[in-house]
Amino acid sequence: MSLISMSGAWLSFSDAPLLDNTEIHIEDNERVCLVGRNGAGKSTLLKILGKEIPLDDGRVIYEQDLIVARLQQDPPRNIGGTVFDFVAEGVAEQAEHLKAYHAISHLVETDPSEKNLTRMAQIMEILDHQGLWQLDSRISEVLLQLGLDGDAELSSLSGGWLRKAALGRALVSSPRVLLLDEPTNHLDISTIDWLEGFLKEFQGSIVFISHDRSFIRNMATRIVDLDRGKLVSWPGNYDLYLLSKEEALRVEELQNAEFDRKLAQEEVWIRQGIKARRTRNEGRVRALKALRNERSERREVMGTAKMQVEEAVRSGKIVFEMEDVNYQVGDKVLVRNFSAQVQRGDKIALVGPNGCGKTTLLKLMLGQLKADSAVYTAAPSWKWLTLTSIAPIWIRNAR
């Protein structure tokens, strides 16, 4: 029996259904990559499999006592509390007792008053009674595996570390099925390498969405394509899927062209009028109506999106220069005596581990943050075009 079986699934938020009488089956110990165009409904499907959104029609059957956990597409933001508290929420029913014990144990270290010791003893008794010590150890184990400091405040973490905290929250419940929505978002290269190794050792099944082709190639044991409301399983690796999908679309285009040619012929015939109304031609009329219905229900393949960026007025060779940039937050130095020059035509990749200050440096260049000390020089006619994964496009004239 499959871990998860979805059949006859239908879901729509508009005229074109996201799921159109389709099905998917998740087996044990497989890593399924869910692919499809943006807006096709991939994230929605993960929420359905995670029991967060009901179908309009159809059914989803789970293996008895199956635990499913989902990693959301964006890291948590504007959430207070410690990393331990956030990760513990992955076992929501017991989280409050575990969070209380974690808080009081740290308080006792600095204030071992009778009141605090009594409170700690009361919480420990609850943990004993409900058998939660093993769960506390599980949380500590997950934090250790991910390199997370349980006492750190969430507000102090970079996007990559927030991503790790969210993964820990998903893992702490020991799920048999792990649903990952863009798991490599906000992660640096070394962390992505670590994540691949970690997930390959995961004892269970994984269903994930990703636009990172290298990650898909290294991880997927099966590709499932969500295309115009239908789920199609493609065995083999990602490169084989790309070739097979291209051929399938080519064949579909030929079949549609032949269908349209036949329909056009029948439309010409029906316009002849009286011939079509003869009794012996009633079957042909019914066939034409069926062709019309089939054509009206066809969902066309969407074309490739084209993006055109208006070119700014051509500037000199050097478009931007920064010298002796220094910036720190509290005692943590993020940028020290940094100098750089950007010339027209440069394509620069800014790399480094999560939390080292990459986003901070970009914000300093954009003027969103004020450096402790720096000298900036910019060509008078240049523009920024900024694209981020968590904000809309905006353009800023340099000054």
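The values are calculated or read from the model by the stated rules, or taken from the named source; none is laboratory data. What you see is a predicted model, and the numbers here were worked out from it, not measured in a lab. Quick reminder, even Gly has a Cβ in these numbers, built from the backbone with ideal geometry, and neighbours come from all protein chains shown.
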## Note on the structure
In the set Ser14, Ser2, the lone residue that is of a type in the set (Ser, Thr, Tyr) and touching a residue at least 40 places away in the same chain (Cβ under 8 Å) is Ser2
### Task
Say whether the condition of being at pLDDT below 80 and surrounded by 16 or more Cβ atoms within 10 Å (Cβ to Cβ) is met by at least one residue in the range 366-378.
yes
### Message
Return the residues of the range 110-154 that are among the small types (Gly, Ala, Ser) and touching a residue at least 40 places away in the same chain (Cβ under 8 Å); say none if nothing qualifies.
### Response
Gly150, Ala152
### Query
Any idea which of (1) modelled with pLDDT of 80 or more; (2) assigned to a loop (DSSP other than H, G, I, E, B) is the one Met302 doesn't satisfy?
(1)
### Message
Given the criteria within 26 Å of the chain's Cα centre (by Cα) and modelled with pLDDT of 85 or more, does Asp74 qualify?
### Response
no
### Task
Could you name every one of the strands (runs of 3 or more DSSP E) located completely within the range 169-237 that has at least 2 residues being closer than 27 Å to Leu66 by Cα and either free of Cβ contacts under 8 Å to residues at least 60 places away in the same chain or out of contact with any strand residue (DSSP E or B) (no Cβ under 8 Å at 6 or more places or on another chain) (or both)?
230-235
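Rundown of residues vs (1) closer than 15 Å to Lys164 by Cα; (2) modelled with pLDDT under 85; (3) among the acidic types (Asp, Glu), yes/no style:
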{"residue": "Val68", "(1), (2), (3)": "no, no, no"}
{"residue": "Asp85", "(1), (2), (3)": "yes, yes, yes"}
{"residue": "Glu96", "(1), (2), (3)": "no, yes, yes"}
{"residue": "Tyr101", "(1), (2), (3)": "no, yes, no"}
{"residue": "Thr110", "(1), (2), (3)": "no, no, no"}
{"residue": "Thr118", "(1), (2), (3)": "no, no, no"}
{"residue": "Ala121", "(1), (2), (3)": "no, no, no"}
{"residue": "Leu148", "(1), (2), (3)": "yes, no, no"}
### Task
Keeping to the range 321-330, report how many residues are within 34 Å of the chain's Cα centre (by Cα) and either buried (at least 17 other Cβ atoms within 10 Å of the Cβ) or not polar (S, T, N, Q) (or both).
3
## Note on the structure
So, first residue without any contact (Cβ under 8 Å) to a residue 40 or more places away in the chain in the range 318-331, second residue outside any strand (DSSP E or B), Cβ within less than 9 Å, six or more apart or across chains; the pairs are Val329/Thr360
### Query
Name the residues in the range 216-235 that are modelled with pLDDT under 90 and touching a helix residue (DSSP H, G or I) at 6+ places or on another chain (Cβ under 8 Å), would you?
Trp234
### Task
Could you check, for the range 181-195, whether at least one of its residues is loosely packed, with under 15 Cβ neighbours inside 10 Å and in contact with a Pro (Cβ under 7 Å, 6 or more places away or on another chain)?
yes
